[in-house]
């Protein structure tokens, strides 16, 4: 793309005898952008991106000046800019539907007379298959082998399709199953910190490594000074096809760390504290950047643990600067000497290097945290920001139990478990899982878990018999150093055997509990617990049997498995009775910082990383044996229940149809605050009697092979039926005889008054020709970057979602699927309007033409004949989003552009 280079920023940077073309920020400052040296480092990366892509159209000189003026505005404006990431990262849950869409676009391109080769990623794309392993086998030496075998057995159709994609698209690399979690693989191998590109004439360009990912925890790589965040699959597909990611110039909240963590306090305790602090501040749509002397005492792995949790604060990114800690980690993980030298030279040249003696960057606001104030913590029972001191967990649980509908309030109630020699009670830990990239990327907390297991084993302790234990590391490196140090043997002895290399319990792949345990929980309505080292603990996410989920460090996961209950105060009561009848307390088995460092230093080195990543794209014998179908276009299998050609391009014309007002819409749901994408998007197990379960049964799939929604994201028929079907979602239209809101994916069909599944009601409304709307509260769409939360909404026939506020990614995804997000003005809600769900809704002003964040009028006709008019804000925030919406969605928009 030709670049006007208004600020004459191009220069050469010589490193290792190679001249690299860079867009120098110091040069740009001298040539008309004064003061940019004080920008936050994350914004310097954005500014370089604009300078490099300035073309007078998608990026103009005024855009660049607006970002440079941030030192005055501090991001409190409405300026839109276009960001082009260096690469795209995907995992298989979100990656399969993205590749399905690309394959469908190739078919649509052919149907419109174009070449399928026009549909090709124009930036590098890495897809890591990490979300499909389920913890069915556990606690045994062969658990890993059995789970992998089952994974391939269930996902053969998906893996055939991804293997086709790897061969059909030149820019797509696939990391096979059993390698690790995408974010940990990104951190340990894929990320470069400084990216390079060589032109055909031999010119080498160097620029910051940036990425967007189809998983919200893409922010983990921010720890390496890589600017990246999660986007919906729809946005990612556009980025692959060289469409810019539109965004408003953000506010940047600086978080200053001082002091050092007390002895025995882990990075997990720190991240839970940070999550609580920043979420309370309110940072949705903002950047967060860390600075201060406290960074000197945080390892890169500690930083990665923090950065991983950025979505739990609601921020776009949680950025760490490049410094000596960054370089040390790059060397540790096997990056080449040349790569490390380029990172150091580039960071110094561009003002991206953290110099402790330099003047601090400017920020919109600054928060302070003294690391010395961090205490041992958990977060629960259902939100990552609900941090609680370790000693206060029993009290928090008692409060939760008292507020749990239908639960016996007696804290000490026990239920008989058939065919077992134990009973089960409230607060008993039925799942203890060391899982998720958040913590398994951090050797200090993993070694701490192993050492605690070693000491507990020596003392004669064993987990409670009702606990399902598992260990699912984020990379094979973890398994290697645990085995080499002998700590895996100690973990095995306590039931924490390897169950897979992937994202398991944290996303609901915890597998079923023993039938008799599940039956006891259901029969007595027990509020049992899961303790996991993950990043998400939303209710209904971890297991359908478990109401309270607690995030904790890996060593505390082991400790709670031993104690067997969250009703036990681990700071004062013993974990259990050891050899000789002696009570064993947590402090006796907790490893010292020196013990942890000694193991890490001895068993973790660059050779280990190089060995484990030497053949990262090759896969095991099962992967290598897959022979995919199709060539330039995919050979769709109409009998497949995993991968089907989606309907997004049916009837697509070269020019879009004109926009139309919404007239005579019915209300599909009235939702409360903080409805997450886990509530909206199909996730977890597929119920036998659910609409999706009925569909699979009708197509000859037995319940044992239903798998889960995440693995069937390539089949729109399953996913439509699972949208809004979460067992914990509450539609306020549906109440029992006492007036209590009923859980589950139900609604009331009007005017018949019948209570139906949301899917069945949507089918009936479609037959009646009625469009649909959804009403919601604050932070609608909070949670993971699930594209199916928007795709399913659109395919059900929902034309608009009217909420008090939206989470960033889901709002953008709704626009990308042609669903209009509308925001109530301050002080207004569906509750304040007295809506019950039997109203008829119309939205005027759409056909006249929309502008970003324009005002529209919603007309509500009540069943008694009264009419109400409400003003709302159309949350189409940017001109690019308006183009997408006008074209019927981002995919038709991109397809038409490529066709022309």
Over the Cα atoms of segment 317-431, compute the convex hull volume and normalise it per residue, giving Å³. 228 Å³
What base-10 log of the normalised intensity I(q)/I(0) is obtained for segment 597-735 from the Debye formula, alpha carbons as equal point scatterers, at q = 0.16, 0.17, 0.19, 0.22 Å⁻¹? -1.06, -1.10, -1.19, -1.31
Label-point separation (nm) for residue 26 and residue 341, each offset 7 Å from Cα along Cα-to-Cβ? 1.9 nm
How long is segment 414-460 along each principal axis, judged by its Cα atoms, biggest number first, in Å? 40, 27, 17
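Could you work out the percent of alpha carbon pairs in segment 431-540 separated by over 17 Å, rounded to a whole number? Display every interim value, and only then the final one.
Working: 3262 of 5995 pairs.
Summing the P(r) of segment 431-540 above 17 Å gives 54 percent of all pairs.
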Give me the percent of Cα-Cα pairs in segment 690-827 that sit more than 26 Å apart, rounded to a whole number. 25 percent
Compare the peptides 483-496, 787-800, 602-615 by average per-residue count of other Cβ atoms within 10 angstrom and give them in order, highest first. 787-800, 483-496, 602-615
Considering only C-alpha atoms, what is the centroid distance from segment 30-63 to segment 469-487, in Å? 43 Å
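Per residue, what volume in Å³ does the Cα convex hull of segment 133-243 take up?
Numbers: hull volume 16.4 nm³, N = 111.
Once divided by residue count, the hull of segment 133-243 is 147 Å³.
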Quick one: if you stick a label point 7 Å off each Cα along the C-beta vector at residue 853 and residue 366, how many nm between them? 2.8 nm
Counting every Cα pair in the chain, what percent are over 46 Å apart? 23 percent
Label residue 768 and residue 74 with points 7 Å out from Cα along Cα→Cβ: what is the distance between them in nm? 5.2 nm
Distance in Å, no decimals, from the C-alpha centre of segment 440-468 to the one of segment 139-155 is 23 Å
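Going by average Cβ neighbours within 10 Å, how do the peptides 734-747, 23-36 rank, with the highest at the top?
Numbers: 734-747: 14.9, 23-36: 18.0.
Top to bottom by mean Cβ count within 10 Å: 23-36, 734-747.
Go ahead and estimate [θ] at 222 nm for the chain from helices alone: -39,500 (n - 2.57) per DSSP H run with n ≥ 4, summed, over the residue count, rounded to 500. Mind dumping the intermediate values first?
Working: 32 runs with 299 residues, N = 900.
Result for the chain, helices only: -9500 deg cm²/dmol.
Figure the gain on full extension for residue 660 and residue 328 (residue separation times 0.36 nm, minus the Cα-Cα span) and round it to one decimal in nm.
Working: separation 332, 0.36 × 332 = 119.52 nm, distance 5.71 nm.
The residue 660-residue 328 span can extend by a further 113.8 nm.
In segment 377-612, what is the volume of the convex hull around the alpha carbon atoms, normalised per residue and reported in Å³?
115 Å³
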I need the peptides 232-239, 626-633, 641-648, 594-601 ranked by packing, meaning the mean over residues of other C-beta atoms within 10 angstrom, with the highest value on top. 232-239, 641-648, 594-601, 626-633
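Bear in mind these aren't lab numbers, they're just calculated from the coordinates by the rules spelled out. Keep in mind that this is a model prediction, so the values were computed, not measured. Here the Cβ is made from the backbone with ideal geometry for all residues, glycine too, and neighbour counts use every protein chain on show.
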